[in-house]
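What follows is a short report on a single structure.
The values are calculated or read from the model by the stated rules, or taken from the named source; none is laboratory data. These numbers were taken from a predicted model, which means no experiment stands behind them. Please note: Cβ atoms are built from the backbone with ideal geometry, for glycine as well, and neighbour counts cover all protein chains shown. Each accessible area value is taken on the protein alone, full model and side chains, heavy atoms only, with ligands, DNA and RNA left out. Shrake-Rupley method; radii C 1.70, N 1.55, O 1.52, S 1.80 Å.
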Amino acid sequence: INHIVHNGGLYKRPFNEDFEETPMLVAVLTYVGYGVLTLFGYLRDFMRQWKIEKCQNATEREEQKDFVPLYQDFENFYNRNLYMRIRDSWNRPICSVPGAKVDMMERVSHDYNWTFTYTGRVIKDIINMGSYNYLGFAQKAGTCQEAAAKVLSQYGAGVCSTRQEMGNLDKHEELEKLVARFLGVESAMAYGMGFATNSMNIPALVGKGCLILSDELNHASLVLGARLSGATIRIFKHNNMQSLEKLLKDAIVHGQPRTRRPWKKILILVEGIYSMEGSIVRLPEVIALKKKYKSYLYLDEAHSIGALGPTGRGVVEYFGLNPEDVDVMMGTFTKSFGAAGGYIGGKKELIDYLRTYSHSAVYATSLSPPVVEQIITSMKCIMGEDGTTVGKARVQQLAENTRYFRRRLKEMGFIIYGNEDSPVVPLMLYMPAKIGAFGREMLKRNIGVVVVGFPATPIIESRARFCLSAAHTKEMLDTALKEINEVGDLLQLKYSRHRLVPLLDRPFDETTYEETED
């Protein structure tokens, strides 16, 4: 069943990823479901236009009808007629720390999810299967919380300045030295926002005359950063090394369009763990291609840092590779460290350059001191520098929880995507009606889950996404699995026929990439 890759000795461990094909009947019924919803959407838009049905969405005022439209009606078609039906599955307000269990404010809607009213009741002790709290550091008591509270009383909550002016604290310097040591690189720099770490630093690294090769499933922050850079962007199929190598060959042979001059730089953008697929980047192969074709590698470890590797040092350690082989190591503090912000690590020359030319370094306010202390304390715990083995135990517990949870879901008959070691576990729902139904039924059973649909996923690949945590006990996971099994039977979600498509053999667009047989 599993596709195991050794690939000529590049991999020092088995690499198992499952992507079972969508059953034909399920795919057809999913398209039919979206077609019916679209037809009813056009009918309701017609009724709204003729005032038969009340129009709740944002529209132009009468005196602005002749202006350039501020709200594009057709662009909002999906939101009005499809998303609004299941809007109650998102933006649910929690009123506790996002740990293994959460408290959630109850809300109701009397106008089909256009507005919500809070009842005043709090739903207690919901098992949290949605937060990126991989190592369980999102907590309201313990050493991290005590250290952050102490720093808050000394430094205050905000810095009120950029790093280049009056916002460079000794705590920031301490954090960056610690991050560099943790990653095994020469230098590192911390930023106040994970999204901006990508979107504002990629334009500082590449520009016009450069080429970006980006995985088709890269995060929106990488996509935005690539677009803002002004560089030429070409997309390769997800984790498909034949597709990437063909683009690299073409880039070197043909050069820039029209002029045929060589590209100034070629930058490959990949993620450690892909947050919608649960897949892990084929880093040994990417590095081999990067060296072969003399390009640069930008690795986003937002979901993999802390969550992969024997000591939580991410996908580089997971594969037993040298950090020096990755030119730009990016990650965030928002997941495994239970904090906020992001970092970039690499050569000292790179970091010194970014301190001067990165917009998020020059113009953004510095990280909040209590947040910095939360990162420092949790990172030292993972490294074992707090004098305990708690951090190592959490990394091991997350790995055990991941394998157990994935194995049990597969045994039940669900289609599960991704790598067997990835704590991001997508469970395929497919049909639009089942997105909202699954989220509601799980909440009735006191399980908090994240459901995802178009446009965050392909239109026929809606899914529920579970994020496992070291804070989850076996009893919690067994309770969640029991309820998932019941809801799976109720909604008929057990589609698996155990016909798995190995990732290297997944089809890609033959009009874009020839020689697919190779």
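Could you check what % of the DSSP bridge pairs in the range 143-383 are antiparallel, to the nearest 5? Each step should come with its number before you reach the end.
Numbers: 11 of 28 bridges.
Of those bridges, close to 40 percent are antiparallel.
Determine the dipole magnitude for the chain: charges of +1 sit on the beta-carbon of Lys and Arg, -1 on that of Asp and Glu, nothing else is charged, the reference point is the Cα centre, and the result goes in debye to the nearest 20.
Working: 63 positive and 60 negative charges, 40 e Å.
Roughly 200 debye for the chain.
Highest mean first, how do 98-105, 23-30, 242-249 rank when packing is the count of other Cβ atoms within 10 Å averaged over residues? Display every interim value, and only then the final one.
Working: 98-105: 17.8, 23-30: 14.0, 242-249: 19.2.
The most tightly packed comes first, giving 242-249, 98-105, 23-30.
At 7 Å along the Cα-to-beta-carbon direction for both CYS55 and LYS264, put a label point, then send me their distance in nm to one decimal.
With each label point 7 Å from Cα toward Cβ, the separation is 4.7 nm.
For semi-axes √(5λ) of the Cα gyration tensor in Å, one of (i) 35, 30, 27; (ii) 60, 27, 21; (iii) 53, 26, 18 was computed from the structure I shared and the rest are decoys. Which label?
Looking at semi-axes √(5λ) of the Cα gyration tensor in Å for this model, the match is (i).
I'd like the GluC sites (Glu not before Pro) in the range 149-234 restricted to DSSP loop residues with at most 12 other Cβ atoms within 10 Å, sorted by number. Kindly include the intermediate steps, with their values, before the conclusion.
Values: sites: GLU165, GLU173, GLU174, GLU176, GLU186, GLU216; in loops: GLU165, GLU186, GLU216.
Answer by residue number: GLU165.
Would you mind getting the accessible area per residue of the chain, heavy atoms of the protein chains only, 1.4 Å probe, in Å²? Walk me through the intermediate numbers first.
Details: 24170 Å² over 518 residues.
For the chain, the per-residue accessible area is 47 Å².
Averaging sequence separations of C-alpha pairs under 8 Å and six or more residues apart, then dividing by the length of the range 184-331, give the relative contact order as a whole percent. List each step's numbers first, then the result.
Numbers: 245 pairs, mean separation 29.6, N = 148.
Relative contact order, the range 184-331: 20 percent.
For the chain, give the percent of accessible area contributed by carbon and sulfur heavy atoms, probe 1.4 Å, rounded to a whole number.
Working: 13380 of 24170 Å².
Taking all protein chains in place, the chain shows 55 percent carbon and sulfur surface.
Any idea what the relative contact order of the chain is, in percent, if you count C-alpha pairs under 8 Å spaced at least 6 apart? Please report the intermediate quantities before stating the final value.
Details: 964 pairs, mean separation 107.8, N = 518.
Relative contact order comes out at 21 percent.
Ordered by residue, what ³J(HN,Hα) values in Hz, to whole numbers, does the range 247-258 give under the Karplus form 6.51 cos²θ - 1.76 cosθ + 1.60, where θ = phi - 60° and Gly and Pro are x?
Values, residue by residue: 5, 5, 4, 4, 5, 7, 6, 9, x, 6, x, 6 Hz.
Between THR143 and ARG407, 0.36 nm times their residue separation minus their Cα-Cα distance comes to what?
91.7 nm
Packing-wise, with mean Cβ within 10 Å as the measure, how do 295-302, 383-390 rank, highest first? Write down the numbers at each step before the final one.
Working: 295-302: 24.6, 383-390: 13.5.
Peptide ranking by packing, descending: 295-302, 383-390.
Give, in nm to one decimal, the length gained when the segment between LEU490 and VAL122 is fully stretched (0.36 nm per residue of separation minus the Cα-Cα distance).
Values: separation 368, 0.36 × 368 = 132.48 nm, distance 2.66 nm.
Stretched out fully, the LEU490 to VAL122 stretch lengthens by 129.8 nm.
So if I place +1 on the C-beta of Lys and Arg and -1 on the C-beta of Asp and Glu, and nothing else carries charge, what would the dipole magnitude of the range 1-158 be about its Cα centre? I want it in debye, nearest 20. Working shown, then result.
Values: 18 positive and 18 negative charges, 107 e Å.
Here the range 1-158 has a charge dipole of around 520 debye.
Which one, HIS303, VAL185, SER161, is farthest towards the positive end of the dipole of the chain when Lys and Arg carry +1 and Asp and Glu -1 on their Cβ?
With unit charges placed on the Cβ atoms, the residue in question is SER161.
In deg cm²/dmol, rounded to 500, what helix-only [θ] at 222 nm does the chain give when every DSSP H run of at least 4 residues adds -39500 (n - 2.57) and the total is split over its residues? Before the final figure, lay out the partial values.
On the way: 15 runs with 191 residues, N = 518.
Theoretical 222 nm ellipticity from helices: -11500 deg cm²/dmol.
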